[in-house]
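The values are calculated or read from the model by the stated rules, or taken from the named source; none is laboratory data. All figures in this text were calculated on a predicted structure; none of them were measured in a lab. Positions of Cβ are generated from backbone atoms using ideal geometry, with glycine treated the same way; all protein chains shown enter the neighbour counts. Ligands, DNA and RNA are stripped out before the accessible areas are found, and what is left, the full protein with its side chains, is counted by its heavy atoms. Shrake-Rupley method; radii C 1.70, N 1.55, O 1.52, S 1.80 Å.
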Amino acid sequence: MNLEALNTQQRKAVEITGGPILIFAGAGSGKTRVLTHKIAYLVKDVGLPPDNILAVTFTNKAADEMKQRVQELLNMDVSSMSVGTFHSISARILRREIQLLGYSNDFVIYDQDDSRALVKMVIKDLNLDEKSFVPKAMQAHISKAKNQMISPELMANTVEGFLDEKTSEIYSQYQKALKTNNALDFDDLLLKPIELFNEHPRRLDFYQNKYQYVLVDEYQDTNKPQFEFIQALSRDHRDVCVVGDDDQSIYSWRGADVNNILNFSDTFGEAHIIKLEQNYRSTKTILECAWSVVSKNTTRAEKKLWTDNKEGDKLSVIECRDERDESWKILKIIQDETVHGSFGFDDLVILYRTNAQSRVVEDALRREGVPYEIIGGIKFYARKEVKDVLAYLRLIINPTDGVSFDRIVNFPVRGIGKTTIEKIHAHAKENDLSYLQVLEDLGKLSIGAKQKKSLHAFNQLIHKFRNSYKGQNAVDIARDLLLDIDLQNYYENQNTQEALERWNNVEELLNSITDFQDNREESGLREFLEEVSLLTDIDRWNASDKAVTLMTIHSAKGLEFPVVMVAGLEEGLFPLGPQSFEVEELEEERRLFYVAVTRAKKKVYLSYAITRRRFGGAPIPTTQSRFISELPEAFIQEEGGHQKQAYTKSFTRPSSFQKLTPSSAKFQKGDHVAHKLFGNGKILDVEGEGDSAKLTIIFSGNVRKKLIAKYANLSHLKPSAY
């Protein structure tokens, strides 16, 4: 195996085998190269068959890339090798084994919306008030419990008070409803293999023998069930290699525990520990700035990235008056870098802490005709029209899927109202039947003849496809189904642009089924539905599209761009939350900043607004993020609103935008100023000097205020602004 392309530490990481191995791989240090070379080394030099290797990643895109690279390195078929996400590997095991846990292997996987619909159904069945027991909140409670491996029984033993008791009851009934529907949610996909291993030790023996070498990417992001899964498989042979970076652990909100990587040796025994600290991605300046912030954390392994790359440009820190001003300044950056600079639209990414920040930026880009792609909006497979068709396909596969039944029993409209559906639910519950089984004997339902006719036709439709789906390919099933329910006419007869777009999305769904069928060995309907349920929005992102990318920082992890713009660097927004942070929360926000900055190869722009609207209210004053003050002054350049250059014709700045001079200038009697809350005003008197000066100001509406210069956050108005 030729390892000459690797540096000394990378090569060491590849060649060491035998016992636990922990590889600290900093951002841009070539961890994917190390992982793929290590897998190839295990096959070619150690002699391990590909089907005895398990490699776990966190995205389908990363898994596909890893498998492709290994195949290129070995120049041989590695299709028998298990490479995938935790969820996809678990789903693969459960398809084979889940009957041992009392499920059928035709189980469906519920996404967040399906799961919430089932929680809502349970709350209703328990006669609880949705305002007191909000389905979304209950779903979050249940997911948190599962991530901590707290079962309904364990929760029931630790309740305190009425709310806890009812939450525990909802959790218990929700799990029973999942099993009745022959369904698993995302959390169950991680928990059920562990349940299988605990209850059926021989099956654990089988998988321990099958997976003789276990590799885990992004190990710092593992939660308790994922940790238990890896530990169970590698407990005996201890041939486990994990790769990660504690400085990039940013998923505690979904149960990830940074201590899994920090305490690796305590868990798996004495381990080889290797640090990959040479960065191939970013400039020296970018790395120094990223480290200056993350190094303030106390809970981290000691390491520091270095690079042979150039020093590069300073980080630009840009002050904006509000979120609209911020969006126009971002637009100006895009203009400078694409029209006057050497970058294309696809070289640029706009990152933000919360999805809500994207709207005003998106509006500005759209108005100026800048091509962009937003990651984290409505996912394609989560669109209503797509989910409606998928619900039909899921019910064909799994006739006990009550959530899918409820979604489509009256779609397209069949005259089946809420009362009829409630009667179906009640009869099913009383007689321990699935909803489809209730339709087998409609004479027992007290509903009208028209409803009975419609339900009978619906039942016949589902049974028709259930009887034939195993002998047909997925595309033919979907096409025949759409013809039978006449969905194209349903949308086209509405004669609206929105309806036509919905039909276009349904056609795109057919295209995606075709692509799946053409590119997968196992390409049946069941396999397609499983893949769709496990896709993330990042898996559909095409890096070759000539467009600016917009995404949250969490979504950007693992990606890289020549130019990175990070918006909203204000206290309460980034870092997100109250200023009185718990240590763990603040340290994770620092790690998130580190991730954002280290996505960049060449340039970083950091912007903040001195006022921002929140939740649709009036603009409120903000404070610059502490992360900016933690950057070394020698490596940043600050750009206030007064330094904006003129926009070219295609990026004309609205005339309603006032231009402000920086607030650091000295104030004198008679100066015209602007305040974030009180608006424009005139200084009547100045007492004292410098930052401690007391300023008496008359604002519009004859509002008189006395403010201290240091804390007033005033800006001088240019003569043209008043």
Original post:
Tally time: how many residues in region 114-128 are over 18 Å from Leu184 (Cα atoms) and either open to solvent by less than 70 Å² (accessible area, probe 1.4 Å) or modelled with pLDDT under 90 (or both)?
Top reply: 3
**OP:** Return the total of residues in region 401-437 being among the polar types (S, T, N, Q), open to solvent by less than 60 Å² (accessible area, probe 1.4 Å) and either within 16 Å of Leu529 (Cα to Cα) or in a helix (DSSP H, G or I) (or both).
**Re:** 2
Subject >> Close pairs (6 angstrom Cβ cut-off, 6 or more residues apart or separate chains): closer than 15 Å to Tyr110 by Cβ in region 376-389, crowded, with 18+ Cβ neighbours inside 10 Å and modelled with pLDDT of 75 or more anywhere >> reply: Tyr381/Val532
**OP:** Tell me, yes or no, whether region 154-177 has at least one residue that is closer than 19 Å to Arg254 by Cα, open to solvent by less than 10 Å² (accessible area, probe 1.4 Å) and not in a helix (DSSP H, G or I).
**Re:** no
Original post:
Looking at region 438-515, what helices (runs of 4 or more DSSP H) fall wholly within it and have at least 3 residues that are under 23 Å from Ala428 (Cβ atoms), out of contact with any helix residue (DSSP H, G or I) (no Cβ under 7 Å at 6 or more places or on another chain) and open to solvent by 80 Å² or more (accessible area, probe 1.4 Å)?
Top reply: 449-466
Original post:
From the set of residues in region 308-327 that are out of contact with any Ser or Thr (no Cβ under 6 Å at 6 or more places or on another chain) and open to solvent by less than 10 Å² (accessible area, probe 1.4 Å), which is farthest from Val360 (Cα to Cα)?
Top reply: Leu315
Subject >> Those strands (runs of 3 or more DSSP E) lying entirely in region 547-638 with at least 3 residues open to solvent by less than 10 Å² (accessible area, probe 1.4 Å) >> reply: 548-552, 561-566, 600-609
Original post:
Would it be correct to say that Asn75 is over 16 Å from Ile23 (Cβ atoms) and open to solvent by less than 60 Å² (accessible area, probe 1.4 Å)?
Top reply: no
**OP:** Please give the strands (runs of 3 or more DSSP E) falling wholly within region 651-715 in which 1 or more residues are modelled with pLDDT of 80 or more, under 30 Å from Val339 (Cβ atoms) and of a type in the set (Gly, Ala, Ser).
**Re:** none
Subject >> Restricting region 187-208 to residues that are in contact with a His (Cβ under 9 Å, 6 or more places away or on another chain) and within 20 Å of Val242 (Cα to Cα), the residue that is surrounded by the most Cβ atoms within 10 Å (Cβ to Cβ) >> reply: Leu190
**OP:** Quick one: which residue in Leu42, Leu35, Leu22, Leu54 is open to solvent by less than 10 Å² (accessible area, probe 1.4 Å), closer than 28 Å to Ile93 by Cα and touching a Ser or Thr at 6+ places or on another chain (Cβ under 6 Å)?
**Re:** Leu54
Original post:
Does at least one position in region 246-264 carry a residue that is over 27 Å from the mean Cα position of the chain (by Cα) and open to solvent by 50 Å² or more (accessible area, probe 1.4 Å)?
Top reply: no
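Residues in region 283-304: is at least one assigned to a strand (DSSP E or B), buried (at least 20 other Cβ atoms within 10 Å of the Cβ) and either at positive phi or touching a residue at least 60 places away in the same chain (Cβ under 8 Å) (or both)?
No, every residue in region 283-304 fails to be assigned to a strand (DSSP E or B), buried (at least 20 other Cβ atoms within 10 Å of the Cβ) and either at positive phi or touching a residue at least 60 places away in the same chain (Cβ under 8 Å) (or both).
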Original post:
Regarding Tyr110, is this residue of a type in the set (Phe, Trp, Tyr) and open to solvent by less than 10 Å² (accessible area, probe 1.4 Å)?
Top reply: yes
**OP:** Tell me, yes or no, whether region 118-131 has at least one residue that is under 22 Å from Ile194 (Cβ atoms) and free of Cβ contacts under 8 Å to residues at least 40 places away in the same chain.
**Re:** no
Original post:
Within region 330-359, which residues are crowded, with 19+ Cβ neighbours inside 10 Å and farther than 21 Å from Lys546 by Cα?
Top reply: Arg353, Gln357
Original post:
Which one is nearest to Thr167 (Cα to Cα) among residues in region 129-150 that are outside any loop (DSSP other than H, G, I, E, B) and either open to solvent by 50 Å² or more (accessible area, probe 1.4 Å) or small (Gly, Ala, Ser) (or both)?
Top reply: His141
Subject >> Some residue of region 400-411 being among the aromatic types (Phe, Trp, Tyr) and free of Cβ contacts under 8 Å to residues at least 40 places away in the same chain >> reply: yes
